[in-house]
1. Would you list the membrane-span-like helices of the chain, meaning whole DSSP H runs whose alpha-carbon atoms span at least 24 Å along their axis and whose mean Kyte-Doolittle value is at least 1.0?
2. Using a 1.4 Å probe, how large is the accessible area of Tyr44, given in Å² and rounded to the nearest 10?
3. Report the charge-dipole magnitude of the range 163-306 in Debye, nearest 20, computed about the Cα centre from +1 at each Lys and Arg Cβ and -1 at each Asp and Glu Cβ.
4. Taking the Cα centre of the chain as the origin and placing charges on Cβ (Lys, Arg +1; Asp, Glu -1), which of Phe264, Ala182, Val78 is farthest toward the positive end of the dipole?
5. What does the net charge come to around Leu270 if you take all other residues with beta carbon closer than 13 Å to its beta carbon, with K and R at +1 and D and E at -1?
6. Restricting to the range 50-201, what percent of DSSP beta bridges are antiparallel, rounded to 5?
7. For the range 253-279 and the range 52-93, compute the distance between their C-alpha centroids and round to whole Å.
8. Placing unit charges on C-beta atoms (Lys and Arg positive, Asp and Glu negative, everything else neutral), compute the dipole magnitude of the chain about its Cα centre in debye, rounded to 20.
Amino acid sequence: MASSRRTRGLAMAAALLLVLTACTAGFDGLRLRIAAGNPGGVYYKLAQTLATAWQTGLDIDRPQVLQTQGSPDNIAKVLAGQAEVAFVAADVAADRYEARPDLAALARIHDDYLHVVVRADSPIRSVAQLRGHRIAIGSPASGVEYIASKLLDVAGLTHSVTKSTRGLEDSIAALLNGEVDAFFWSGGLPTPTLAGYKSSVRLLDIADLMPKMQAITEVYGTATIPASIYNQLLPVTTLVVPNFLVVPKSMPDDVAEALVRGLFDARSQLAQANSAALSIDVHPGIETQPIPLHPGALRYYRAQKT
């Protein structure tokens, strides 16, 4: 009897060891590259934290965080096989998915807010008053440029302003030294780089343009940037767009499931990296329409009874 129990115990221990070995070996040699935008943005800060979480949680080499121009560049890198994971704004993702339906989503993460920024002492009070002025519309091939171009179009200003493509830090410097009169930025709240200049800048309200913007795509929403975020006199109404983590549809299911689990397990660390991550949660995480969830991600959410 004792011998039989000992044999069963050894068999169970051996089986458990095999399971644990299989789990570890399942990700052995896995290399990940995360397309993450520019170092001044929320994407990049969250990607750095997520890379560390995935390294620990999956017992893999730390994923490489790629500095990029933004959402269009990020998704292009996934489609070209130059990255395995990308932070992507939902409007860009929806546009690219229509042409290349070989993408899948891991989760909806934080939302980005459109910032239309002028100097604090500028006489410009509305988007309509940008006519005839010099505008920085974001880095080339960025999500900022994507939204800025659409907003200027619906405002009837596409051919009535002088546009230049600049990243966030360059845009701030150009605004403050008088090279441009306004710039566009799309990012989480607050965007740390911009928050450092809150006494020198002012945000424009775009409530009057939101009906036309929302007619472009279902993913655009209307939101308020509270005055306290950037020490403004008044809150402003602006456009909000969700962000997704996207991967190739070809990613193995077990890898996708593990990445989603690692994302939600790291929520507290992500929120410490940037408060925009406070909105990361399992329930809104499944809301990635029109991009379908990866089967591995879906398996995770079903296990959570989401």
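The values are calculated or read from the model by the stated rules, or taken from the named source; none is laboratory data. Since this is a predicted model, take the numbers as computed values, not measurements. Cβ coordinates were reconstructed from backbone atoms using ideal geometry, including for glycine residues, and neighbour counts include every protein chain displayed. Only protein heavy atoms, including side chains, enter the accessible area calculation; ligands, DNA and RNA are left aside. Shrake-Rupley method; radii C 1.70, N 1.55, O 1.52, S 1.80 Å.
1. Span-like helices, by this rule, are absent here.
2. Its heavy atoms expose roughly 40 Å² to the probe.
3. On the way: 11 positive and 13 negative charges, 41 e Å.
Magnitude of the dipole: close to 200 debye.
4. Comparing the listed Cα positions along the dipole, Phe264 ranks first.
5. Net local charge, Leu270 excluded: 0.
6. Numbers: 6 of 11 bridges.
Counting only bridges with both partners in the range 50-201, antiparallel ones make up about 55 percent.
7. Using only Cα atoms to place each centre, the spacing works out to 14 Å.
8. On the way: 27 positive and 27 negative charges, 131 e Å.
So the dipole magnitude of the chain works out to roughly 620 debye.
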